[in-house]
Amino acid sequence: MTSSRRSFLTRSAVTVAAAAAGPSLLAACGSDATAGGRGGERATFLSYLPLETLSLAPELLAVVGGHFANHGLEVELQPVKGSPQAMQTLLAGSGPVTRLGQIDVMTAVADSNQPLVNIGTLTRGSSLRFVYSKKNHPLEKPEDFLGQTMGVPSEGGTSDKVVSLVMANAKLDPRQVKRQVVGLTPGTFNLVQQGRLVGYVVSIDTANVVTAQHEDAGVFDPGVIVRSDSQVFVATRDGIRQNPGVLRAFLAGIKDALAAMVADESFDETIKRLRAKYSFAALDDDKVARDSLITMRDLWTGGDASKPLLVTDEAAWVAGYDELTAAGVAKPGGNAASWIDNSLLPTRGA
């Protein structure tokens, strides 16, 4: 290993908590919830999501199922507070890879010329859901959001931008929807029932937990309006040049985990393996876990299991940028095709 690569991996294995999120993150670094692998090179995955969600099923299974370790990589799953901070810590060199929304990547590159590259597309559609109260104020079309307050997990992050894009695509002013930063937990639905929020943005599994717990809960899928809300794995251009082996091993582990879940028709084995190490509301409920994973499998495969996992479709990627520029969410004039790199992905069958 070269000295530059060794120093990079050392920085990756050391928590970014001091710079990013304080003592609570430090406490989590050595726990079973975040560390995995059987030795080898170390790398930190910067997760804008908390670890207690099935939205992270590929990363969680890659740890507990030994898929990262099979490629000689020990990965620490490091939660940070939202996609803006995940991007900042990635750019600071605190880890080699994160996962972000396509919208965040495109706005950062187009508007601020950030050196971010999509190295693999995980979901081929929106993995967000807007939860609302059917009794208080149903959210069935963009016009229903006007004059209301939506809860989002972070200001300026993917969820916030998706709310804006839903409005902009309907030729409505996104500024007519107020935003309030709230938690991602099912308990936040109480604020919706109290009328303090019209709804809030959650992951697919959290939406399923809420609807299982509350008869009045409804779900709005922004993916019926927004085309550019895919989830992608992201590295910096320097990271790709300096440490391609680490990134290849990471993506190979993710691909193996995805392939195992796609092949697990009932998800019995997937759920069993995840429960061996993790416990949270969506995973602990059989129906919620299965329903959530089924929905996410369709997003991972784009509805066609014969297509290669993680490969970014250039035409779809560029079309997403066109959507963002037309809505005024991202600056025009960028070369979106140059913001992707499929070369680090394992070849079909590898």
- Task: Give Glu143, Glu155 a once-over and let me know the one that is loosely packed, with under 14 Cβ neighbours inside 10 Å, out of contact with any Leu (no Cβ under 6 Å at 6 or more places or on another chain) and within 24 Å of Thr53 (Cα to Cα).
- Result: Glu155
- Message: Would you confirm whether or not the stretch 191-210 contains a residue that is free of Cβ contacts under 8 Å to residues at least 40 places away in the same chain and either part of a strand (DSSP E or B) or in contact with a strand residue (DSSP E or B) (Cβ under 8 Å, 6 or more places away or on another chain) (or both)?
- Response: no
- Item | Among the residues listed as Ile294, Ile254, the single one being under 19 Å from the mean Cα position of the chain (by Cα), without any contact (Cβ under 8 Å) to a residue 40 or more places away in the chain and under 29 Å from Arg227 (Cβ atoms) | Ile294
- Checked Thr158, Thr98 against criteria (closer than 30 Å to Asn243 by Cβ, in contact with a helix residue (DSSP H, G or I) (Cβ under 7 Å, 6 or more places away or on another chain) and outside the structural domain of Val329 (by TED's automatic domain parsing)); the one match is Thr158
- Quick one: which residue in Thr347, Thr325 is more than 25 Å from Leu61 (Cβ to Cβ), among the polar types (S, T, N, Q) and either over 17 Å from the mean Cα position of the chain (by Cα) or at pLDDT below 95 (or both)? Thr325
- Hey, any hits in the stretch 75-93 for a residue that's of a type in the set (S, T, N, Q), assigned by TED's automatic domain parsing to the domain that holds Leu299 and under 21 Å from Glu269 (Cα atoms)? no
- Check on Ala110, outside any loop (DSSP other than H, G, I, E, B) and touching a Phe, Trp or Tyr at 6+ places or on another chain (Cβ under 6 Å): no
- What's the number of the condition Phe233 fails, among (1) surrounded by 22 or more Cβ atoms within 10 Å (Cβ to Cβ); (2) assigned by TED's automatic domain parsing to the domain that holds Ser133? (2)
- Query: So Asp216 fits all but one of (1) of a type in the set (Asp, Glu); (2) at pLDDT below 95; (3) farther than 19 Å from Ser127 by Cα; what number is the exception?
  - Reply: (2)
- Looking for whichever is more than 21 Å from Val288 (Cβ to Cβ), part of a helix (DSSP H, G or I), at pLDDT below 95 and not β-branched (Val, Ile, Thr) here; the options are Asp144, Asp160. Which one fits? Asp160
- In the stretch 158-190, which residue that is free of Cβ contacts under 8 Å to residues at least 40 places away in the same chain and small (Gly, Ala, Ser) is surrounded by the most Cβ atoms within 10 Å (Cβ to Cβ)? Gly183
- Name every residue in the stretch 111-139 that is more than 24 Å from Leu293 (Cβ to Cβ) and either outside the structural domain of Ser292 (by TED's automatic domain parsing) or in contact with a Pro (Cβ under 8 Å, 6 or more places away or on another chain) (or both), in order of residue number. Ser133, Lys134, Lys135, Asn136, His137, Pro138, Leu139
- Message: Quick check on Val64: is it within 13 Å of the chain's Cα centre (by Cα), on the phi < 0 side of the Ramachandran plot and modelled with pLDDT of 95 or more?
- Response: no
- Item | Residue list for the stretch 174-184, filter: touching a helix residue (DSSP H, G or I) at 6+ places or on another chain (Cβ under 7 Å), of a type outside the set (Lys, Arg) and outside any helix (DSSP H, G or I) | Val177, Val182, Leu184
- Options Asn113, Asn118; residue that is at pLDDT 95 or above, under 29 Å from Pro174 (Cα atoms) and surrounded by fewer than 20 Cβ atoms within 10 Å (Cβ to Cβ): Asn113
- When residues of the stretch 58-71 are filtered for being touching a helix residue (DSSP H, G or I) at 6+ places or on another chain (Cβ under 6 Å) and either among the small types (Gly, Ala, Ser) or over 22 Å from Leu293 (Cβ atoms) (or both), how many remain? 3
- the stretch 48-76: number of residues that are crowded, with 22+ Cβ neighbours inside 10 Å and in a strand (DSSP E or B): 3
- Qualifying position, being at pLDDT below 95 and farther than 30 Å from Ala69 by Cα, among Gly183, Gly199: Gly183
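The values are calculated or read from the model by the stated rules, or taken from the named source; none is laboratory data. As the structure is a computational prediction, the values presented were derived from the model and not from experiment. Virtual Cβ from ideal backbone geometry, glycine too; neighbours counted across all protein chains shown.
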